[in-house]
Amino acid sequence: MDLQKLPLFILKPFIFFIFLTLPFLAFLSLQTPRNKTITITTENLPSDLKIRPGYSSYDQYLHRQLNKTLNPKLRQIWTTRDWTRKVNVFSHFFENLKQRQLLFNGSKSLCIGARVGQEVAALKRVGVHDSVGIDLVPYPPLVLKGDFHHQPFDDETFDFEFSNVFDHALYPWKFVGEIERTLKRGGVCVLHVLLSRRADKYSANDLYSVKPLEELFKNSELVEVRSIDGFGLDTEVVFRKNN
Ligand SMILES: C[S@@+](CC[C@H](N)C(=O)[O-])C[C@H]1O[C@@H](n2cnc3c(N)ncnc32)[C@H](O)[C@@H]1O
């Protein structure tokens with residue numbers, strides 16, 4: 001289109017409009033927060049723990065996690081067809097921990113990355129009533145909204161913390177740091193992890209041995225490591241926060 005051929009009465013307001021809006025758009029672009037590019041310094045990480053590359057921002061990481069967790073069809077399955085089977089398996093694990101004196105009916109307990117809360121329901125079923133979960137997506141009343149990199153709880157709140165989502169942590173040192181912050185002294189943390197093969201595409205890190213966990217849990221002692229068969233995860237690791 002030849003602009004010179006446009007009648008002046010159309011062109012003039014158009015140019016005037018552009019002239020007025022440009023400074024406004026420039027101002028807006030300065031106000032809009034930019035996604036920070038993620039620079040994760042991995043040289044201080046234990047060699048048996050690798051952060052998966054490719055997340056350009058924390059928002060992108062959250063978006064990937066939410067993509068699956070918010071899927072309405074999957075949520076329907078998790079809360080119906082899957083429910084009883086998963087609560088049964090979790091109950092079995094928690095009963096076992098009670099027998100080993102690592103979990104008690106009076107333990108104030110947290111499940112980290114609990115999705116729709118099957119593990120919380122299992123804790124309640126085995127008698128640990130003061131239990132709650134956190135996830136990026138809440139599922140009340142069992143699961144509250146919370147990012148495990150910044151747990152929404154005060155220091156020294158819980159006697160017991162359970163998680164089978166260590167592999168979803170983009171910042172494993174924050175994941176563990178938050179557990180150690182919110183556990184009471186002498187409190188117990190149980191992690192179910194996968195060591196023998198790589199987890200799925202939603203994982204943000206890969207763990208190749210228990211060693212990195214021992215290094216990350218700076219204020220705790222390793223109590224037990226045992227093989228398990230827990231929804232694709234193969235190892236149960238138990239830490240106790242120092243007194
Ligand atoms: C593999 S699912 C496990 C769900 C549940 N523990 C189970 O076994 O049924 C991983 C969960 O971690 C949650 N998640 C991922 N990143 C998270 C974060 N930064 N903070 C809290 N939850 C997160 C996801 O939303 C998802 O529900």
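Read-outs throughout are calculated quantities, based only on the coordinates presented, and are distinct from any laboratory measurement. What you see is a predicted model; the values in this text were computed from it and never measured. Backbone-built Cβ (ideal geometry, glycine too); neighbour counts: all protein chains shown.
Results, tabulated for the structure shown:
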{"quantity": "Residues located in segment 159-195, provided they are in a strand (DSSP E or B) and of a type in the set (D, E, K, R)", "calculated": "Asp159, Glu161, Lys184, Arg185"}
{"quantity": "Residue under evaluation Leu49, criteria (1) more than 15 Å from the ligand (Cβ to nearest atom); (2) exposed (fewer than 15 other Cβ atoms within 10 Å of the Cβ), criterion not met", "calculated": "(2)"}
{"quantity": "Qualifying positions in segment 102-138 - within 8 Å of the ligand (Cβ to nearest atom), among the charged types (D, E, K, R) and assigned to a loop (DSSP other than H, G, I, E, B)", "calculated": "Arg115"}
{"quantity": "Scan of segment 68-91 for residues that are within 12 Å of the ligand (Cβ to nearest atom) and free of Cβ contacts under 8 Å to residues at least 12 places away in the same chain, ordered by number", "calculated": "Asn71, Leu74, Ile77, Arg85"}
{"quantity": "Subset of segment 140-150 that is of a type outside the set (Asp, Glu), surrounded by 13 or more Cβ atoms within 10 Å (Cβ to Cβ) and within 9 Å of the ligand (Cβ to nearest atom) - its residue that is farthest from the chain's Cα centre (by Cα)", "calculated": "Val143"}
